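Taken together, the values in this text are just the output of simple stated rules run on the coordinates, not laboratory data. The shown structure was predicted, so the numbers you read here are calculated from the model rather than taken from an experiment. Cβ placement follows ideal geometry from the backbone for every residue including glycine, while neighbour counts extend to all protein chains displayed.
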């Protein structure tokens, strides 16, 4: 491990993760969006992002924009004034504004600094005769002791309900708090249901694709939390809450790649994950009380509130909760940093390959409604926006599988059918506006991206041009056609600018460089640039911002070698999979994973790093 700057292409033979502390004076330390191999130098100010002219006015939704108090099972009123959070932030001190928002939304909920001492309440927490039985605010749960592949033991509670089943009349609505289950002891020893979603069959049983498909049965009854704690049980340990990705249309917290046993047993943190609704079941929006939109985000809020209220009984510190997620999970984490409803429910955040500023994170209300009516038409429901009642009633009667299997129309690369919208409650303004006006949680963040973010999506979008085999090259003609297909909403002039920027003009007909240029084109626009912009905006306020650029390709990666370090390739290392002797990782990769787990866990424990750190491990 050594400190220092990036050594460019000369480091291709090694493994490197760069974690750089940024301030407003050092924001330019961020990596550029891609390597300008055909340029002599990068732009002088690659991260200058001017404030948008005439930003859109805030939207105050008409849906079920409320906050449920899980302690009182009551609905707290929403803000009814017509000022955005940014306008309030202009005239209020940042910390005072945050506290006022907190008081306004959580006035009926105990939020004292002594909350953690409630774990000492003899009626709450682990039982003396069986510490695997833990009494939460809603009832008792029984866990299980598991052994990691390293031989170390952890205690786990899988499938703790945090909300009522979102079925029947509750389909599409914001979650309702789970009711107490009285004297019953819930057996929380098996992984919970996966929320209903479409299954990936493009590459058949190919391991690189199948690893992301659900590994538990799919049901609408899916709003559950999982907790894994080290043995012996700690007190006030740092809490790491994982938010899974999947484009808001897929994903589950139960995947093998998210197995937390090694991370928990090595780093002695308390790990939490939750299921949240995806696809139309989680993000359908008609701007009505029945279909208010952002239901999946409100699932996350309710889960986060549950963790805040109960994690002390499992050995976690409710005042030190770190959200971390990848892709759509990272987008979710960044949206919680911006939302006045959830920003006070956690301490700091880690975002892997995603942020609120990526172009696919949010769609307009109008586009979301249009996609909803198209879905209704596809499943043979009424689809008039003039009278939505019959359409909503019909959609409620359809099976969940019918809905998720008919969502996909003609969408471009990295366009996902149903995603978050500006609902006037969870979000009352576009993320860029919140960032420009510095209206977000003031805390430390860690975020970054991978070197080949684009290939994973290109493989699915241009399947004929990019077969899943070695030695794939792209001719100049194919390259120009791919630019058109990958940028369908860009003008001809814009496409010419893209071609000019990404072409290696010293070798314009090189099939390998043309192929790699398409990856950078997609990866920069849909991931890296948005991540860098979010980091830059955060650093401008003086917050500690740590960034990384992930460059290591695993020796046992099942995808063709030319795909490099793709989207999500870092997850295995964050969760400690290389420490599993049965996975056949190299000794250097085992050490690398240990270091990466330590970095993430140290950030969760303290929220900062003392120095700029560079990790080099030769292959």
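Using DSSP, restrict attention to beta bridges with both residues in the stretch 115-216 and report what percent are antiparallel, rounded to the nearest 5. Intermediate values should be presented prior to the final figure.
Numbers: 10 of 14 bridges.
Of all bridge pairs located within the stretch 115-216, approximately 70 percent are antiparallel.
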Label the stretch 432-519 by shape, choosing from rounded, prolate and oblate, from the square roots a ≥ b ≥ c of the eigenvalues of the Cα gyration tensor; if a/c is under 1.5 it is rounded, and otherwise prolate applies when a/b is larger than b/c, oblate when it is not.
-> prolate
Peptides 417-423, 182-188, 536-542: what's the order by average Cβ count within 10 Å, highest mean first?
-> 417-423, 536-542, 182-188
Relative contact order [Cα under 8 Å, 6+ residues apart], the stretch 512-595, whole percent | 18 percent
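If packing is taken as the mean number of other Cβ atoms within 10 Å per residue, what is the order of 444-450, 392-398, 475-481, highest first? It would help to have the intermediate numbers written out before the result.
Details: 444-450: 25.7, 392-398: 17.1, 475-481: 14.7.
Top of the packing list down: 444-450, 392-398, 475-481.
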In whole angstrom, the spacing between the Cα centers of the stretch 272-337 and the stretch 376-392 equals 29 Å
As computed over the stretch 152-238, the Cα convex hull volume per residue (Å³) = 175 Å³
Using alpha carbon positions and the Kirkwood radius, the Rg to Rh ratio of the stretch 271-315 is 1.13
Let me know the Rg and Dmax you get for the stretch 296-370 when you use only its Cα atoms, in Å.
-> 13.6, 46
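Can you tell me, using C-alpha contacts under 8 Å and at least 6 residues apart, the relative contact order of the stretch 137-183 as a whole percent? Please list the in-between numbers first.
Working: 48 pairs, mean separation 18.8, N = 47.
It rounds to 40 percent for the stretch 137-183.
R0 = 25 Å: FRET efficiency of residue 484 with residue 205, Cβ-based, nearest 0.05? If you can, show how the numbers build up before the last one.
Details: r = 33 Å, r/R0 = 1.32.
Efficiency computed from Cβ-Cβ geometry: 0.15.
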